[in-house]
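Here the structure is laid out as structure tokens; the discussion comes afterwards.
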Amino acid sequence: MLQGELDMMPIGTPRYWYGTNDTAAFQKGYLTKVQFFNDIPRPPYGIYLNMLRAPLDNRDIRIGIQHSIDFQRVIDTFYRGDYERLNQFSEGFGEFTDKSIKARTYSPKLAREAFARAGYTELGADGVLQNSQGQRLSFMLTFDDSDRRKFLSTLVESALRCGLELRTESLEHTTMYRKVMEKRHDMCFWAWSASGKYPELWQSHHSDNAIEKTSSGAIVPKRQTNNITGTHNPAIDEPIDAFRASTDEDEMKKLSFQIQRHVYNEASFVPAFRLPGYRIAHWPWLHFPAEFDVRSSDEPFTYGLFWLDTAQRDVNLADFKAGKVRGEPTTRIFDRWRTN
């Protein structure tokens, strides 16, 4: 990329976005950095709590965990403030997203109050809360082995200040996937892909995908489904079923808001962050429209609204190899479709 072998390249992570500043291609005015803000469904990155495992079946415990996870600190430090806080599970669906729902903020005070309501009032010597039976407030947090595991220590530290112990494990991706699909996790950092016009919550929040009965009549987690929080609430099932059956958009909007509020109240998902668009670097022989891209694009190749000038490419490459300066370093920001 830095020698012109590629016409453009995604540079979404801070390491590449800021690292490009020190390259000759950027400093001499050949590479242009572009940040394009889009308005599309956002993958629900966050921590999923398995409510089928005690004491995560206690809502006050889950509320306390919500206030114990400092994702804003992760955004400000690990991602250098370039990412934004995700507020809820179904974000980026336009009028079908309830924008009044906001992620619970990090607060040791509110966390400890919620844990106290669940009976965890005694502070151990290691700073972890426990109940009157001596049960410690401790859970395993499962991560994959990507670069994101580097911010695990931030989450562990923020949780401990709230009296919560997060024991962590970083697994190879397929191993982690198998564990989560078998519903053997306490908490996991996860995301699903998001697309389309409407939120689709049946697979992730309907009881049909959470539990099943054995031949003996016992209720057990249903494996190999996308309901990895074990959500099995009839109050959520009913509007989900109605939403799937409806063809009236006004009714669907009301039902969508109702479902999202129920999901928020269940507190089984701790929203993490969202990338509010995409970032690339490109050489000058690659040309784009005046507005660069369209609202619903998640990368330049989605709609392909760019073109190449091969004659300019030969000239630009020759000048670059000769050490000529083309112009000032350039970063372009297109924020027409930026959402709050």
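Among the residues of the range 259-307, those that are more than 26 Å from R62 (Cβ to Cβ) and of a type in the set (D, E, K, R) comprise R279, E291, D293, R295, D298, E299. T231 meets each of the listed conditions (1) among the polar types (S, T, N, Q); (2) without any contact (Cβ under 8 Å) to a residue 60 or more places away in the chain; (3) farther than 27 Å from Y79 by Cβ apart from (2).
So which of G92, G124 ends up being under 24 Å from R295 (Cβ atoms) and assigned by TED's automatic domain parsing to the domain that holds V156? Give the steps one after another, and end with the answer.
Values: G124 fails: under 24 Å from R295 (Cβ atoms).
After ruling out the rest, the residue left standing is G92.
If you filter the range 236-288 down to residues that are among the hydroxyl-bearing types (S, T, Y) and in contact (Cβ under 8 Å) with a residue 12 or more places away in the chain, you find that the one that is surrounded by the most Cβ atoms within 10 Å (Cβ to Cβ) is S268.
So that you can scan it fast, the table gives a plain yes or no per residue for (1) at pLDDT 95 or above; (2) small (G, A, S):
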| site | (1), (2) |
| --- | --- |
| S215 | no, yes |
| I219 | no, no |
| K222 | yes, no |
| N227 | yes, no |
| D237 | yes, no |
| D241 | yes, no |
| R244 | yes, no |
| E251 | yes, no |
| K254 | yes, no |
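The set of residues in the range 98-137 being among the polar types (S, T, N, Q) and either loosely packed, with under 15 Cβ neighbours inside 10 Å or in a loop (DSSP other than H, G, I, E, B) (or both) consists of S100, T105, S107, T121, N131, S132, Q133, Q135. For the range 141-159, filtered to residues that are in contact with a Leu (Cβ under 8 Å, 6 or more places away or on another chain) and not β-branched (V, I, T), the residue that is surrounded by the most Cβ atoms within 10 Å (Cβ to Cβ) is A159.
Residues checked against (1) closer than 29 Å to A111 by Cβ; (2) among the basic types (K, R):
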residue	(1), (2)
L160	yes, no
L171	yes, no
R184	yes, yes
Y198	no, no
H205	yes, no
K213	no, yes
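Being in the same structural domain as N265 (by TED's automatic domain parsing), over 17 Å from F93 (Cβ atoms) and not hydrophobic (A, V, I, L, M, F, W, C) is a description that applies to E212.
The values are calculated or read from the model by the stated rules, or taken from the named source; none is laboratory data. Predicted model, so just to flag it, every value in this text is computed and none were measured. Using ideal geometry, Cβ is built from the backbone for each residue, glycine included, and neighbour counts are taken over all protein chains shown.
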